[in-house]
Amino acid sequence: MKTIKVLIKRSPEARDLALPTYMSDGAAGMDLCANVTADVVIEPGQIKPISTGISISVPHGYEAQIRPRSGLALKHGITLVNTPGTIDSDYRGVIALILTNLGKEPYVVKRGARLAQMIIHEVVRAEVEEVEELTATARAHGGFGHTGV
């Protein structure tokens, strides 16, 4: 398994929170915690930004992807509006999670709650070339639902 170094800076008010952590030996993502000073209620249908209290430095050629936690999605309908979110290698601001509640009950975010996962992923950049025609395929222009599902 390949490893790279990701530098993490905690905001002063987040010093008591856990750093992003892999929760098992085979985990692809590190859990991110809520840096809230008081409980935050997210009503059904609401969208709220929740700070993690950390900033990161991802090496050039990599990104951090921010994804929902499956247990929160299944049990409470809590997910991220922009999933996966991308933290570019040149971003140095505090990571905030854009949470939404798709469930039927209000959800309470508590300090230190594990709300999302951060995956470090290698980036491939595309070289864009404009052409008059694209290569033909069997699917061609078949879009949404073209396979009957």
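Every number in this text was worked out from the coordinates using simple rules, so none of it is lab data. Since the model is a prediction, treat every value here as computed from it, not as a measurement. Cβ placement follows ideal geometry from the backbone for every residue including glycine, while neighbour counts extend to all protein chains displayed.
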Taking a cut-off of 30 Å between Cα atoms, list the lysines near Lys5, but don't count ones fewer than 8 places away on the same chain.
Lys110
Just going by the charge dipole of segment 20-122, with Lys and Arg at +1 and Asp and Glu at -1 on Cβ, which of Thr100, Thr83, Ala64 is farthest out on the positive end?
Thr100
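Given +1 on the Cβ of Lys and Arg, -1 on the Cβ of Asp and Glu, and no further charges, what dipole in debye does the chain carry about its Cα centre, rounded to the nearest 20?
Values: 16 positive and 16 negative charges, 173 e Å.
Using Cβ point charges on Lys, Arg, Asp and Glu, the chain gives about 820 debye.
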Lys/Arg Cβ at +1, Asp/Glu Cβ at -1, dipole of segment 28-149 taken about the Cα centre: which of Val128, Gly29, His141 is farthest positive-ward?
Gly29
Over all distinct alpha-carbon pairs, what is the Kirkwood Rh of segment 20-122 in angstrom?
13.9 Å
Once both label points are put 7 Å beyond Cα along the C-beta direction, the Tyr22-Glu130 separation in nm becomes 4.5 nm
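With Cβ to Cβ distances under 12 Å as the rule, what net charge do the other residues near Leu97 carry (K, R +1; D, E -1)? Intermediate values should be presented prior to the final figure.
Details: positive: Lys48, Arg67, Arg69, Arg114; negative: Asp31.
That sum, taken over residues with Cβ under 12 Å, equals +3.
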Can you tell me the FRET efficiency between Lys110 and Gln65 if r is taken as the Cβ-Cβ distance and R0 is 35 Å, rounded to the nearest 0.05?
0.90
For segment 20-122, what's the relative contact order in percent, using C-alpha pairs closer than 8 Å and at least 6 residues apart?
43 percent
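Residues with beta-carbon under 12 Å from that of Val123, excluding Val123: net charge, scoring Lys, Arg +1 and Asp, Glu -1?
Details: positive: Arg125; negative: Glu63, Asp88, Asp90, Glu122.
For residues surrounding Val123, the net value is -3.
When the helix-only estimate is applied to the chain (DSSP H runs of n ≥ 4, each -39,500 (n - 2.57), divided by the residue count), what is the mean residue ellipticity at 222 nm, nearest 500 deg cm²/dmol?
Details: 1 runs with 7 residues, N = 149.
When only DSSP H runs of four or more count, the value is -1000 deg cm²/dmol.
Calculate the FRET efficiency for His141 and Lys75 from the Cβ-Cβ distance with a Förster distance of 30 Å, rounded to the nearest 0.05. Please list the in-between numbers first.
Working: r = 40 Å, r/R0 = 1.33.
That pair, His141 with Lys75, gives E of 0.15.
With Cβ to Cβ distances under 15 Å as the rule, what net charge do the other residues near Pro68 carry (K, R +1; D, E -1)? Each step should come with its number before you reach the end.
Values: positive: Lys48, Arg67, Arg69, Lys75, Arg114; negative: Asp31.
Around Pro68, the charge tally is +4.
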